[in-house]
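S.K.: Structure in structure tokens, see below.
The values are calculated or read from the model by the stated rules, or taken from the named source; none is laboratory data. If you're wondering where the values come from, they're calculated on a predicted model, not measured in any experiment. All Cβ positions, glycine included, derive from the backbone under ideal geometry; neighbour counts span all protein chains shown.
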Amino acid sequence: MDEKLVREISFEERMPLWERIYRRLRGAIQRGEFDPGTRLVEQRLAEELGVSRTPVREALYRLEREGLVTKVPHKGIVVREQDPEELKEVLELRGLLEGYAAALAAKKGDEELFDELEEILKRSEEALEKNDIDELVKLNTQFHETLYRRCGNHKLLELIKDLRDQFFRFRTSILRIKGMPRVSIEDHYKMLELMRKGESQAVEKLVREHIGRGKERLLREIKR
């Protein structure tokens, strides 16, 4: 068995039960497995997971604190609708941070990084051909996080980590819109080309435009 996978399984087994449930529910919400407005019934979840209601209740409380679910009168706990204002704020901030990270990478001229990003894009093309959206989301996230880690600015990385879950949720939503995976991959190739050329200002502008397009498409979807 892969050594990294063994470590991950071992780490999860040491977690309190409520945290394991919380992580699974959070992941399902972020991946779009629960539509906004879906009821998360404590008793039903406990039965499906084969656990008592107490750890499920604790997990739902944590999700509520993070804003992923909310209490609705006469309905109970439901997956929170995406707030257009929150979406705008998060994606505009993401555009600033990621644009800066890409500009820093362009200035560093790290060919090893650029080759790594290109390999991720090739695998993304393969996932798109298979219409494997879950794999595409995973690779898209890997592309961005590889860029963050190697941009050379640790404070910037800390800021992005603080917003990672919110970024992930909206990224997942955008990539599930018809046509957006292809647009995303094409934009990433353009970003990579500009970074290889050392055109820091141009790539920063492109990243902001790229995220802005996703924001506008997602807002239109929400309004529907």
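S.K.: Would you tally the residues in segment 29-53 being part of a helix (DSSP H, G or I) and either surrounded by fewer than 17 Cβ atoms within 10 Å (Cβ to Cβ) or more than 22 Å from the chain's Cα centre (by Cα) (or both)?
M.R.: 9
S.K.: Further question on the same structure: Go through 125, 64, 98, 118 for me and flag whichever is in a helix (DSSP H, G or I), farther than 29 Å from residue 212 by Cβ and among the charged types (D, E, K, R).
M.R.: After applying the criteria, what remains is 64.
S.K.: Turning to a different aspect of this structure: Can residue 167 be described as touching a residue at least 60 places away in the same chain (Cβ under 8 Å) and closer than 28 Å to residue 84 by Cβ?
M.R.: Yes: the conditions hold for residue 167.
S.K.: I would also like to ask the following. What are the residues in segment 39-76 that are in contact with a strand residue (DSSP E or B) (Cβ under 8 Å, 6 or more places away or on another chain) and either farther than 16 Å from residue 169 by Cα or without any contact (Cβ under 8 Å) to a residue 12 or more places away in the chain (or both), if any?
M.R.: 39, 40, 41, 42, 60, 70, 71, 72, 75, 76
S.K.: Give the number of residues within segment 111-149 that are out of contact with any Leu (no Cβ under 8 Å at 6 or more places or on another chain) and among the basic types (Lys, Arg).
M.R.: Within segment 111-149, residues that are out of contact with any Leu (no Cβ under 8 Å at 6 or more places or on another chain) and among the basic types (Lys, Arg) number 3.
S.K.: Can you tell me which residue is farthest from the chain's Cα centre (by Cα) among those in segment 203-221 that are of a type in the set (Asp, Glu) and modelled with pLDDT of 85 or more?
M.R.: Only one residue fits best here, namely 204.
S.K.: Could you check residue 51 against (1) touching a Leu at 6+ places or on another chain (Cβ under 7 Å); (2) under 20 Å from residue 32 (Cα atoms) and say which number it fails?
M.R.: Residue 51 satisfies all of (1) touching a Leu at 6+ places or on another chain (Cβ under 7 Å); (2) under 20 Å from residue 32 (Cα atoms) except (2).
S.K.: Only one of (1) surrounded by 17 or more Cβ atoms within 10 Å (Cβ to Cβ); (2) more than 16 Å from the chain's Cα centre (by Cα); (3) in contact (Cβ under 8 Å) with a residue 60 or more places away in the chain; (4) under 24 Å from residue 176 (Cβ atoms) is not met by residue 104, so which one is it?
M.R.: (4)
S.K.: Also, I was wondering about something else. Could you list, in sequence order, the residues of segment 51-68 that are among the small types (Gly, Ala, Ser) and modelled with pLDDT of 90 or more?
M.R.: Residues satisfying the conditions are 52, 59.
S.K.: When residues of segment 186-214 are filtered for being over 18 Å from residue 113 (Cβ atoms) and hydroxyl-bearing (Ser, Thr, Tyr), how many remain?
M.R.: 0
S.K.: Restricted to segment 139-163, and to residues that are among the β-branched types (Val, Ile, Thr) and under 18 Å from residue 30 (Cβ atoms), which residue is surrounded by the fewest Cβ atoms within 10 Å (Cβ to Cβ)?
M.R.: 141
S.K.: For residue 56, state whether it is outside the structural domain of residue 196 (by TED's automatic domain parsing), in a helix (DSSP H, G or I) and either under 20 Å from the mean Cα position of the chain (by Cα) or surrounded by 13 or more Cβ atoms within 10 Å (Cβ to Cβ) (or both).
M.R.: When the stated conditions are applied, residue 56 passes them.
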